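Trainee: Below are the structure tokens for one structure; questions will follow.
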Amino acid sequence: MTVVIARVDIAVVRLPLVHEFETSSHRKNHLDHILVRVTSTDGVVGWGECACPSDPYYCGETTETCWSIAGEHLAPLLIDKPWEHPADAAALLAKVSGNPFARAGVEMACWDLYGRVAGESLAALVGGTAERCEAGVSLGIEPTIDDLLTQVQAHLAQGYRRIKLKIRPGWDVAPVRAVREAFGDVTLQVDANTAYPADAAPRLARLDRFGLAMIEQPFAADELLAHARLAQSLDTAICLDESITSQAMLRVALRLGACSIVNVKVSRLGGIAAARAVHDECFARGVPVWCGGMHEFGIGRAANLAVASLPGFVLPSDVSGSDKYYRRDILTEPIRARDGWVPVPRQSPGLGVEIDEEVVAAHTLRARAIRRDNVSVGLGIEGV
Ligand code: OSB
Ligand code: MG
């Protein structure tokens with residue numbers, strides 16, 4: 001089956017957060033994600049989401065770089081180029097180096113479109129078998145320990161099965177101890193988002209006695225040796241997020257012993273094909289994985305669930321219901337957790353979710369169409 005993309009639409013959509021989110025680097029009360037809609041020459045559409053943060057702290061990309069790369073480079077690479085499978089579309093997009101969040105959003109739209117043409121769900125297309133994913137929550141840094149305990153309590157009451165706390169120097173041992181004391185043997189893990197200097201192993205060793213499921217990304221992304229040394233000196237498992245930018249980097253990290261658990265994140269890896277490749281490598285080698293998130297709107301959330309239905313996802317993932325972040329998501333039926341599990345959308349083809357275009361339009365800050373008749377002259381800047 002041959003697909004030819006005739007048009008790519010991109011839109012910056014802003015949704016307010018229900019609860020301010022703070023990590024080791026910054027604080028947020030709304031998020032701007034770029035929605036991508038591809039339309040084939042047959043008029044079939046597919047949707048994707050660039051879930052990039054607006055500031056270059058988690059990664060080097062921003063909403064603005066994604067806007068530029070998607071509009072000026074990725075969309076023109078797709079228009080009028082026939083492909084047989086989304087993996088071929090991913091290969092076309094791989095001509096752009098770096099910029100994984102931008103590539104992931106455009107590639108996701110190709111998978112969705114392909115699934116709709118083929119009449120298969122994305123989960124089935126990637127080979128995922130699970131009907132539902134075990135859901136954990138990622139809780140930001142709170143103004144006080146009491147505020148944090150309130151958050152943990154609220155999410156455990158909703159049935160979430162694992163708690164991940166954001167930590168940084170000065171907000172680590174005390175919140176972990178407080179949560180352990182208040183909630184007993186709840187499955188608990190921490191994520192530092194690279195906030196610790198590479199010589200901070202002694203400080204991190206103070207977390208070793210709390211029975212954490214893992215410590216995620218304490219050091220900078222390229223500090224693989226420091227992670228390997230830490231992994232040797234602690235009982236607690238080390239998980240890498242920011243460091244694992246490709247299957248090749250995964251192999252280096254595993255060879256060095258820098259981690260024993262991997263956070264598979266569609267955006268960070270540059271798309272669904274790359275996320276599946278990292279999963280496959282880990283699965284073959286018996287390395288447990290779980291699915292990381294970027295506060296996705298419904299589209300990216302559905303893609304995460306499809307990937308997280310693969311058999312190597314044996315640990316609870318950051319796949320909460322969208323109501324953890326947004327009062328009104330962009331789907332007609334927003335994704336929800338039930339008793340700590342989130343169902344994988346499988347009932348309809350592609351991502352398996354329906355976009356509420358009125359909600360999208362109401363929250364769109366700006367939009368642009370890239371079409372076959374304006375791509376050849378370079379910059380087709382046009383409203384939708
Ligand atoms: O490190 O996993 C991370 C959000 C923004 C940037 C980085 C991270 C996160 C999260 C959110 O932890 C997880 C989610 O989407 O629920
Ligand atoms: Mg992380």
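Trainee: Has the range 48-55 got at least one residue that is of a type outside the set (Lys, Arg) and more than 30 Å from Pro143 (Cα to Cα)? Lay out the reasoning, then the answer.
Mentor: Filtering the range 48-55 down to residues of a type outside the set (Lys, Arg) leaves 48-55.
Remaining after also requiring more than 30 Å from Pro143 (Cα to Cα): 48-49.
Taking every residue of the range 48-55 in turn, at least one turns out to be of a type outside the set (Lys, Arg) and more than 30 Å from Pro143 (Cα to Cα).
Trainee: Looking at Asp235 and the list (1) more than 16 Å from ligand 2 (Cβ to nearest atom); (2) not in a loop (DSSP other than H, G, I, E, B), which single condition is not satisfied?
Mentor: With (1) more than 16 Å from ligand 2 (Cβ to nearest atom); (2) not in a loop (DSSP other than H, G, I, E, B) applied to Asp235, the lone miss is (2).
Trainee: Given Arg7, Arg27, Arg37, which one is within 13 Å of ligand 1 (Cβ to nearest atom) and either closer than 30 Å to Ile145 by Cβ or in contact with a helix residue (DSSP H, G or I) (Cβ under 9 Å, 6 or more places away or on another chain) (or both)?
Mentor: On the way: Arg7 fails: within 13 Å of ligand 1 (Cβ to nearest atom); Arg37 fails: within 13 Å of ligand 1 (Cβ to nearest atom).
It is Arg27.
Trainee: Shifting gears a bit: Could you tell me how many of the residues in the range 187-214 are away from ligand 1 (no atom under 16 Å from the Cβ) and at positive phi?
Mentor: First, the residues of the range 187-214 that are away from ligand 1 (no atom under 16 Å from the Cβ): 197-211.
Subsequent filtering for residues that are at positive phi retains 211.
Residues meeting the conditions: 1.
Trainee: A follow-up question, please. Before we move on, is Asp339 open to solvent by 50 Å² or more (accessible area, probe 1.4 Å), at positive phi and at pLDDT below 95? Don't jump to the end; show me each part of the working.
Mentor: Working: open to solvent by 50 Å² or more (accessible area, probe 1.4 Å): yes; at positive phi: yes; at pLDDT below 95: yes.
Yes; evaluated as a whole, the condition is true for this residue.
Trainee: Now for a different question. Which ranges mark the helices (runs of 4 or more DSSP H) fully within the range 137-212 that have 3 or more residues being open to solvent by less than 20 Å² (accessible area, probe 1.4 Å)? Steps first, answer last, please.
Mentor: On the way: elements: 145-157, 173-183, 201-205.
Filter on the range 137-212 gives 145-157, 173-183.
Trainee: All but one of (1) within 16 Å of ligand 1 (Cβ to nearest atom); (2) closer than 19 Å to Gly98 by Cα; (3) in contact with a Lys or Arg (Cβ under 6 Å, 6 or more places away or on another chain) hold for Gly292, so report the exception by its number.
Mentor: Against the list (1) within 16 Å of ligand 1 (Cβ to nearest atom); (2) closer than 19 Å to Gly98 by Cα; (3) in contact with a Lys or Arg (Cβ under 6 Å, 6 or more places away or on another chain), Gly292 comes up short only on (2).
Trainee: Further, regarding this structure: Would you mind telling me which numbered condition in (1) outside any helix (DSSP H, G or I); (2) within 16 Å of ligand 1 (Cβ to nearest atom) Gly105 fails?
Mentor: Among (1) outside any helix (DSSP H, G or I); (2) within 16 Å of ligand 1 (Cβ to nearest atom), the lone unmet condition for Gly105 is (1).
Trainee: In addition: Leu315 is checked against (1) open to solvent by 20 Å² or more (accessible area, probe 1.4 Å); (2) among the aliphatic types (A, V, I, L, M); (3) within 15 Å of ligand 2 (Cβ to nearest atom); (4) under 14 Å from the mean Cα position of the chain (by Cα) and fails just one. What number does that condition carry?
Mentor: Looking at each condition in turn, Leu315 falls short on (4).
Trainee: Considering only residues that are out of contact with any Asp or Glu (no Cβ under 8 Å at 6 or more places or on another chain), open to solvent by 20 Å² or more (accessible area, probe 1.4 Å) and away from ligand 2 (no atom under 16 Å from the Cβ), which ones fall in the range 18-44?
Mentor: Residues satisfying the conditions are His19, Glu20, His30, Asp32, Thr41, Asp42, Gly43, Val44.
Trainee: Please list, ordered by first then second residue, the pairs with beta carbon atoms under 6 Å, 6 or more apart or interchain, first in the range 270-290 and under 20 Å from Ala87 (Cα atoms), second of a type in the set (Lys, Arg) and open to solvent by 40 Å² or more (accessible area, probe 1.4 Å).
Mentor: Hits for this filter: Gly270/Arg103; Gly271/Arg103.
Trainee: Also, I was wondering about something else. Residues that are open to solvent by 40 Å² or more (accessible area, probe 1.4 Å), at pLDDT 95 or above and closer than 23 Å to His279 by Cα: does the range 111-123 have at least one? Talk me through it step by step, then tell me what you get.
Mentor: Step one: filter the range 111-123 for residues open to solvent by 40 Å² or more (accessible area, probe 1.4 Å), giving 116-120.
Now narrow it down to the ones that are at pLDDT 95 or above: 116-120.
Then drop every residue that is not closer than 23 Å to His279 by Cα, which leaves 120.
Yes, there is a match, as at least one residue in the range 111-123 is open to solvent by 40 Å² or more (accessible area, probe 1.4 Å), at pLDDT 95 or above and closer than 23 Å to His279 by Cα.
Trainee: Being open to solvent by 10 Å² or more (accessible area, probe 1.4 Å) and within 16 Å of ligand 2 (Cβ to nearest atom) is the filter here; which residues of the range 284-295 pass it? Break it down into steps so the answer makes sense when it comes.
Mentor: Our first condition is that a residue be open to solvent by 10 Å² or more (accessible area, probe 1.4 Å); within the range 284-295, this holds for 284-288, 293-295.
If the condition is that a residue be open to solvent by 10 Å² or more (accessible area, probe 1.4 Å) and within 16 Å of ligand 2 (Cβ to nearest atom), then Pro288, Gly293, Met294, His295 are the ones that fit.
Trainee: Inspect all residues belonging to the range 95-107 and state whether any of them is touching a strand residue (DSSP E or B) at 6+ places or on another chain (Cβ under 9 Å), open to solvent by 30 Å² or more (accessible area, probe 1.4 Å) and of a type in the set (A, V, I, L, M).
Mentor: Within the range 95-107 (the criterion being touching a strand residue (DSSP E or B) at 6+ places or on another chain (Cβ under 9 Å), open to solvent by 30 Å² or more (accessible area, probe 1.4 Å) and of a type in the set (A, V, I, L, M)), the answer is no, since none of the residues qualifies.
Trainee: Taking the criterion of being farther than 25 Å from Pro311 by Cβ and within 19 Å of the chain's Cα centre (by Cα), would at least one residue in the range 106-115 satisfy it? Talk me through it step by step, then tell me what you get.
Mentor: So in the range 106-115, the residues farther than 25 Å from Pro311 by Cβ come out as 106, 109, 113.
Next, from what is left, pick out any that are within 19 Å of the chain's Cα centre (by Cα): 106, 109.
Yes: one or more hits.
Trainee: I've got another one for you. Please go through the range 342-370 and give me each residue that is touching a strand residue (DSSP E or B) at 6+ places or on another chain (Cβ under 6 Å) and at pLDDT below 95, ordered by number.
Mentor: Selection gives Arg346 alone.
Trainee: Every residue in the range 215-246 that is open to solvent by 60 Å² or more (accessible area, probe 1.4 Å), away from ligand 1 (no atom under 16 Å from the Cβ) and either modelled with pLDDT under 95 or not charged (D, E, K, R) (or both), please.
Mentor: Across the range 215-246, the qualifying residues are Leu225, Gln232, Ser233.
Trainee: Then there's this: Among the residues that make up the range 300-312, is at least one of them of a type in the set (A, V, I, L, M, F, W, C), open to solvent by 30 Å² or more (accessible area, probe 1.4 Å) and in a helix (DSSP H, G or I)?
Mentor: Taking the range 300-312 and keeping what is of a type in the set (A, V, I, L, M, F, W, C), we get 302-303, 305-308, 310.
Okay, now just the ones that are also open to solvent by 30 Å² or more (accessible area, probe 1.4 Å), so none.
No, there is no match, as no residue in the range 300-312 is of a type in the set (A, V, I, L, M, F, W, C), open to solvent by 30 Å² or more (accessible area, probe 1.4 Å) and in a helix (DSSP H, G or I).
Trainee: Between Glu281, Glu358, Glu296, which is among the charged types (D, E, K, R) and assigned to a loop (DSSP other than H, G, I, E, B)? Break it down stepwise before answering.
Mentor: Numbers: Glu281 fails: assigned to a loop (DSSP other than H, G, I, E, B); Glu358 fails: assigned to a loop (DSSP other than H, G, I, E, B).
None of the others qualify; the one that does is Glu296.
Trainee: Only one residue in Asp318, Asp329, Asp323 is at pLDDT 95 or above, among the charged types (D, E, K, R) and out of contact with any strand residue (DSSP E or B) (no Cβ under 7 Å at 6 or more places or on another chain). Which one?
Mentor: Values: Asp318 fails: out of contact with any strand residue (DSSP E or B) (no Cβ under 7 Å at 6 or more places or on another chain); Asp323 fails: at pLDDT 95 or above.
Sole residue among the options that is at pLDDT 95 or above, among the charged types (D, E, K, R) and out of contact with any strand residue (DSSP E or B) (no Cβ under 7 Å at 6 or more places or on another chain): Asp329.
Trainee: Among the numbered conditions (1) surrounded by fewer than 18 Cβ atoms within 10 Å (Cβ to Cβ); (2) within 16 Å of ligand 1 (Cβ to nearest atom), tell me where Val252 comes up short.
Mentor: Unmet condition: (2).
The values are calculated or read from the model by the stated rules, or taken from the named source; none is laboratory data. Predicted, not measured: the structure shown is a model, and the values here were computed from it. FYI the Cβ positions are ideal-geometry reconstructions off the backbone, even for glycines, and counts take in every protein chain you see. These area figures cover heavy atoms from the full protein model, side chains too; ligands, DNA and RNA do not enter into them. Shrake-Rupley method; radii C 1.70, N 1.55, O 1.52, S 1.80 Å.
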